[in-house]
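Undergrad: Handing you a structure now.
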Amino acid sequence: MEPLPNSEIKRVLVINAHPDDSDFGASGTIAQWVKEGIEVAYVFCTNGDQGGEESGFTKEEMPAIRQREQRAAGAAIGVTDITFLNYVDGHLEPTLALRKDIVRRIRISKPDRMVCQSPERNWDRIGASHPDHLAAGEAAIQAVYPDARNPFAFTDLLDNEGLQPHRVKEVWMMGFALPDHWVDITDTFDLKMKALHAHASQTAHNKELENMVREWGQRNAGIGGLPDGRIAEAFKIVNTN
């Protein structure tokens, strides 16, 4: 499915399970949107405190470290509106509480487009289908439809917080097994790598990080029919109207 033209998109909300998820999956694309003047906000369901066993930090130290790294990664591509929902890493489930928290962020940000993780397991790339990713994707899709647009859903958000219903026009899913849209990020690949290097607790040990990410992107570009040597990110486009 073809997405809406960026000229019709003023605001984007990106929902992910962990810090660095969106930087691996979509930061080259997001950097392009920011350059075009689109407002982008991030929401992270957890602080990623179960990641970084190679870093030398303790699990107790990780939440603050990963929040700091994510803010630096966001700044590298021009995203400064970042919210952490503080759910426990590794324990994420698509509960009503998580769904409501995402509805709240949708009604606050009022995005035209939302980026989230796929709620469907990708058997070809099991790493994309961390249980937290699946839970974050499922809760995000449920929040988009039917709740965020429905004044009768979570009525206290309207009555007590004054958050009006909002209809998201489309959703871009990362990590989907059969993507249908590819974005050429060759010109923003350097910004994607700056964002990824900012996650030092997760990436500093990997001396082949840039080659690995480049190979992933070139594979995406080939599947998407882009010329040899180009780098791409892949998405499934969902029309929510």
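Undergrad: What number of residues within the stretch 78-116 satisfy the criterion of being part of a loop (DSSP other than H, G, I, E, B) and at negative phi?
TA: Selection size over the stretch 78-116: 11.
Undergrad: For the stretch 217-233, give me the residue count where each residue is in a helix (DSSP H, G or I) and either farther than 12 Å from Gly28 by Cβ or among the aromatic types (Phe, Trp, Tyr) (or both).
TA: Narrowing the stretch 217-233 to residues in a helix (DSSP H, G or I): 217-223.
Remaining after also requiring either farther than 12 Å from Gly28 by Cβ or among the aromatic types (Phe, Trp, Tyr) (or both): 218-219, 222-223.
Residues that pass the stated criteria total 4.
Undergrad: Please work out which one of (1) in contact with a helix residue (DSSP H, G or I) (Cβ under 9 Å, 6 or more places away or on another chain); (2) within 23 Å of Gly74 (Cα to Cα); (3) touching a residue at least 60 places away in the same chain (Cβ under 8 Å); (4) buried (at least 17 other Cβ atoms within 10 Å of the Cβ) is the condition Met193 fails and give its number.
TA: (3)
Undergrad: Report yes if some residue within the stretch 92-103 is within 21 Å of Val238 (Cβ to Cβ) and hydroxyl-bearing (Ser, Thr, Tyr); otherwise report no.
TA: no
Undergrad: Of the residues in the stretch 121-170, how many are over 30 Å from Pro5 (Cβ atoms) and assigned to a loop (DSSP other than H, G, I, E, B)?
TA: 9
Undergrad: So if I check each of Val168, Val213, which one is crowded, with 18+ Cβ neighbours inside 10 Å, modelled with pLDDT of 95 or more, aliphatic (A, V, I, L, M) and over 26 Å from Arg66 (Cα atoms)?
TA: None of the others qualify; the one that does is Val168.
Undergrad: Just the residues that are in a loop (DSSP other than H, G, I, E, B), in contact with a Lys or Arg (Cβ under 7 Å, 6 or more places away or on another chain) and surrounded by 17 or more Cβ atoms within 10 Å (Cβ to Cβ), please, taken from the stretch 3-26.
TA: Within the stretch 3-26, Ile9, Pro19 meet the criteria.
Undergrad: Among the residues of the stretch 27-41, what is the count of those that are not β-branched (Val, Ile, Thr) and not in a helix (DSSP H, G or I)?
TA: The initial filter retains those residues of the stretch 27-41 that are not β-branched (Val, Ile, Thr), namely 27-28, 31-33, 35-37, 39, 41.
Imposing the further condition that a residue be not in a helix (DSSP H, G or I) reduces the set to 36-37, 39, 41.
Looking only at that region, the number is 4.
Undergrad: Condition test on Glu170, is it farther than 23 Å from Ala234 by Cα and out of contact with any Gly (no Cβ under 8 Å at 6 or more places or on another chain)?
TA: Spelling it out, it is not the case that Glu170 is farther than 23 Å from Ala234 by Cα and out of contact with any Gly (no Cβ under 8 Å at 6 or more places or on another chain).
The values are calculated or read from the model by the stated rules, or taken from the named source; none is laboratory data. What you are looking at is a predicted structure, and each value in this text was computed from that prediction instead of being measured. Quick reminder, even Gly has a Cβ in these numbers, built from the backbone with ideal geometry, and neighbours come from all protein chains shown.
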